[in-house]
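Here the structure comes first, spelled out in C-alpha cells, and everything after it is commentary.
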Amino acid sequence: MTAPANNRILMLLENQPYPQDHRVHREATALAAAGYRVSVICPSSAGQCCRESVDNVRVYRFKAPSPANSFLGYLWEYGYSTAASFVVSLLVFVRQGFDVVHAHNPPETFVFIAAFYKLFGKRFVFDHHDLSPEMYRARFSDGGSTIVYHALLLLERLTCLVADHVISTNESYKAVEIERDHVPADRITVVRNGVEVPRPLQPDPAVRQKAKTIIGFVGVMGFQDGVDYLLRALHHLLHDLGRNDFYCVLMGNGDAWVSLRALAKQLRLDDHVWFTGRLGGEELFRYLSSADICVDPDPANSYNNRSTMIKMMEYMAFEKPIVAFDLPEHRVTAQQAAVYVTPNDEHAFATALAQLMDDAPTRRVMGACGRHRIETTLAWRYSVSNLLDVYRKVLPNATLAHHTAISEANELCPQAVRCGRAN
C-alpha cells in the first residue's frame, strides 16, 4: 500500500522497549488511530521480534545494550543506541520514508539524527520526557561531574534549538524550555502523561492476608527515585512507632534494586516488605487493588520538583490514598488525593502513614477524589487532542487515511505467532 504524502512519523526511543514504554505506546497508537503512519525504533527485550506491527504501528528493534551503572556505562549505552537507531533509520528512510523525526529523550543525542534528516527537509519534534541535567545530578549524592552536567545542558539547548516543535510533559518543563532553552512559547505544547481508567479488580487474597494494612509502591527503582527514603520511613514506622500491622509491596525494578533489597535487610524489614520485580497487566492491577495506601517517596530535588510522576496517577486511578513528600508537581497532580509531608523527612513520612492506617474514612474520601480527578481531567484521552494539535502544526498539509496493519504484520514479522506479539 502506498503511503499518503506527508503523514509519516518516525519515533526514536532508547530507555525502554516498545510497547513497554506506556507514554510512547499511547502517543504512537493515538497518532496511528488519527491516520498517521507511525514507525518506532527502539531496543528489544527478551522474545521480541526485530520487526513487527503492534496496534497499527511499525516497530523496528535493535539489540539492547547492557544495563549501565556508571558514567562510562551510560556513555557507551547512549552512544551505541544512537548509532544503532541511526543505522535502522536509514533502512526506514530508504524503504518507506518519513516526514517527521519524533525523538523521546533521554538521550538528547538523538538531535544528531534529527539534524541529519533536516538536511532532507524532514521536521523534528522533541518529546521532552526528562530533564536530563537535573536527573543526572539527582543520581549522585555529590551532584556528579560539573563537566557532564554542562554537557547535558548543552545537548538539551541544542535539541530545543533544532526542534521544530517541543512537547512538554507539564507546565514546569515548559517553563524550563522557555527560560533556559529560549524556546518560544508557541513552539511548545504540553501533552501530559495520562493513564487509562482501569476496571476494578478483586484484591489478591494472598497479599491481603499478610497484614491489616497493605502499602503499595509501583515504579522504577533507580538511585534517584527515593525508595531508600521509603524503606527508612518503614523502619521508623516499625521500630520507632511500634507498628507491625503493615506489609509493603514494592512493584518494579531498576538499577538500585539490588542495593534496596540489601538496605531492607539491614533495616530489619524482611518480614514487612516484598520486592516483586517488574509486573504488568492484571497481576500489577490485582496487587494495586490490594493496597490500602500507596506511596510516592520521590525526594525533593531540582529534578523531582518539576517532574510529573506517572505512579501518582496510577494510584489515583485505583482509588488509592497517597502519602508523598510535598513537591510542587505532586500537588498539581494529586491535589486532595494525597497527604503531603515535609520533603525528605522520613520520620514525618512514617507518622503520616501511621495516621492514615488508622483512618479508613479519610482513605476512602481521598481515594474517591483521586479517581474523580483521573476520570474528569487526567485520563490519557484528555491529552490526545494536544498531541494531535502538535501534528496539525508540524504537518499542516498531511493527508490522513485510516488503515489496518494485518498484512504489514505478516510482512514485518512472518513468525509473529511463534515469537509472540508485544502487548
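Tabulated data for the structure shown
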quantity: Pairwise FRET efficiency - Leu400 versus Gln202, Cβ, R0 = 35 Å, nearest 0.05; calculated: 0.25
quantity: Beta bridge orientation in the range 205-377: antiparallel %, DSSP, nearest 5; calculated: 5
quantity: Extension reserve of the Lys265-Ser45 stretch, reckoned as 0.36 nm per residue once the Cα distance is removed; calculated: 76.2 nm
quantity: Set of lysines with alpha-carbon distance to Lys212 below 21 Å, sequence-local pairs under 8 removed; calculated: Lys320
quantity: Residues Arg8, Arg95 arranged by fewest to most Cβ contacts within 10 Å; calculated: Arg95, Arg8
quantity: Highest-fluctuation residue, Asp240, Asp127, Asp296 considered, GNM on the chain with Cα pairs under 10 Å; calculated: Asp240
quantity: The chain - share of DSSP beta bridges that are antiparallel (%, nearest 5); calculated: 10
quantity: Theoretical gain in end-to-end length, Tyr340 to Arg278 [0.36 nm per residue, Cα-Cα removed]; calculated: 19.7 nm
quantity: Listed pairs Lys63/Lys311; Lys122/Lys393; Lys118/Lys393 exceeding 21 Å between Cα atoms; calculated: Lys63/Lys311
quantity: Theoretical FRET efficiency, 1/(1+(r/R0)^6), r = Cβ-Cβ of Ala360 and Ala185, R0 35 Å, to 0.05; calculated: 0.15
quantity: Sequence of Ser145, Ser168 once ranked by neighbouring C-beta atoms within 10 Å, starting from the fewest; calculated: Ser145, Ser168
quantity: Choice from Thr213, Thr276, Thr82 with maximal GNM fluctuation in the chain (Cα, 10 Å cutoff); calculated: Thr276
quantity: Among Thr333, Thr362, Thr169, residue whose mean-square fluctuation peaks in a GNM of the chain (springs only between Cα atoms under 10 Å); calculated: Thr362
quantity: Positive-pole candidate from Phe223, Asn305, Ala206, dipole of the range 205-377, charges at beta carbon; calculated: Ala206
quantity: Cα-projected label distance for Asp142 with Leu161, points at 7 Å along beta-carbon direction, nm; calculated: 3.1
quantity: Order of Leu231, Leu153 under a 10 Å beta carbon neighbour criterion, fewest first; calculated: Leu153, Leu231
quantity: Cα point-scatterer Debye curve for the chain, base-10 log of I(q)/I(0) at q = 0.07, 0.08, 0.14 Å⁻¹; calculated: -0.35, -0.45, -1.35
quantity: Degrees separating the helix 360-373 axis from the principal Cα axis of the chain, which is the longest one; calculated: 10
quantity: Whole-Hz couplings from phi, Karplus 6.51/-1.76/1.60, listed for the range 121-132; x for Gly and Pro; calculated: x, 7, 8, 10, 10, 9, 9, 8, 6, 9, 7, 4
quantity: Check: the range 205-377 dipole with +1 on Lys, Arg Cβ and -1 on Asp, Glu Cβ, in debye; calculated: 280
quantity: Cut-off 15 Å between beta-carbons: net charge of the residues surrounding Tyr173, Lys and Arg +1, Asp and Glu -1; calculated: -3
quantity: Principal-axis tilt of helix 22-33 within the chain, Cα atoms, nearest 10 degrees; calculated: 40
quantity: Helical contribution to [θ] at 222 nm, DSSP H n ≥ 4, -39,500 (n - 2.57), averaged over the chain, rounded to 500; calculated: -12500 deg cm²/dmol
quantity: Exposed-loop-free span, longest in the chain, where chymotrypsin sites (Phe, Trp or Tyr not before Pro) count as exposed if DSSP calls them loop and at most 15 other C-beta atoms lie within 10 Å; calculated: 141-423
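Here, each number is a calculation from the coordinates, and none is a lab measurement. What you see is a predicted model; the values in this text were computed from it and never measured. Because the Cβ atoms are built from the backbone with ideal geometry, glycine has one as well, and the counts that use them run over all protein chains shown.
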